[in-house]
Amino acid sequence: MSDQSRYEPLEKTAFFEDGRSARPPVEGTVARGQLRVDDHLYLGKVDGVVVDTFPFTVTSEILQRGRERYDIHCAACHDRVGNGRGMVVQRGFRQPSSLHTDRLREAKVGYFYDVITNGFGVMASYSDKLSSDDRWAIVAYIRALQLSQQAKIGDVPENEREKLLKPKP
């Protein structure tokens with residue numbers, strides 16, 4: 001037992017018919033915790049149709065996380081309020097669409113999730129940089145940005161309106 005034979009990674013062997021010592025995973029094997037059966041959460045679609053609902057309840061913590069992730073990954077191109085005039089655009093990179101156009105304000109939330117996941121035009125995919133939960137948090141924050149840029153005083157809860165209407169000293 002103290003002197004067992006073993007193979008180095010990718011070492012040749014005559015033991016297996018294909019000559020490889022490293023065995024391929026069994027077809028259909030899914031790594032623990034990697035089974036993605038919730039299409040709403042992982043694809044932004046249900047039965048192949050883009051969704052207009054979030055896969056979880058959006059809370060202030062999720063919006064805060066979305067803002068943080070947006071500022072890190074999106075603001076360089078889209079700027080902090082989503083107008084598409086970020087710092088890289090100011091340096092000559094192609095300007096993305098404003099998130100405040102009618103087309104994008106009317107777009108379903110699953111559309112934004114899909115664009116963040118798969119990329120669009122010159123925008124690269126962020127699926128390897130952001131978890132699906134973070135991508136959804138960014139989508140929630142984009143919706144908040146869109147609302148904020150079109151807000152009217154009547155949209156603000158009454159108990160918060162007084163703060164906005166008070167003159168600053």
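Okay, here's what the table says:
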{"read-out": "Qualifying position, being of a type outside the set (A, V, I, L, M), more than 14 Å from Gly44 (Cβ to Cβ) and surrounded by 15 or more Cβ atoms within 10 Å (Cβ to Cβ), among Tyr141, Tyr126, Tyr111", "value": "Tyr141"}
{"read-out": "Residue ID - nearest to Ala140 (Cα to Cα), chosen from residues in the range 93-111 that are touching a Lys or Arg at 6+ places or on another chain (Cβ under 8 Å) and assigned to a helix (DSSP H, G or I)", "value": "Val109"}
{"read-out": "Pairs with Cβ under 6 Å, 6+ apart, first in the range 47-60 and over 18 Å from Leu104 (Cβ atoms), second surrounded by fewer than 11 Cβ atoms within 10 Å (Cβ to Cβ)", "value": "none"}
{"read-out": "Some residue of the range 148-158 being touching a helix residue (DSSP H, G or I) at 6+ places or on another chain (Cβ under 9 Å) and at pLDDT 95 or above", "value": "no"}
{"read-out": "Exclusive hit being exposed (fewer than 12 other Cβ atoms within 10 Å of the Cβ), at pLDDT below 95 and touching a strand residue (DSSP E or B) at 6+ places or on another chain (Cβ under 6 Å), set Gly19, Gly28, Gly48", "value": "Gly19"}
{"read-out": "Members of the range 31-44 that are surrounded by 15 or more Cβ atoms within 10 Å (Cβ to Cβ) and farther than 13 Å from Ser132 by Cα", "value": "none"}
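The values are calculated or read from the model by the stated rules, or taken from the named source; none is laboratory data. It should be emphasised that the depicted structure is a prediction, and the values quoted were computed from it without experimental measurement. All Cβ positions, even for glycine, are placed from backbone atoms using ideal geometry, and neighbour counts span all protein chains on display.
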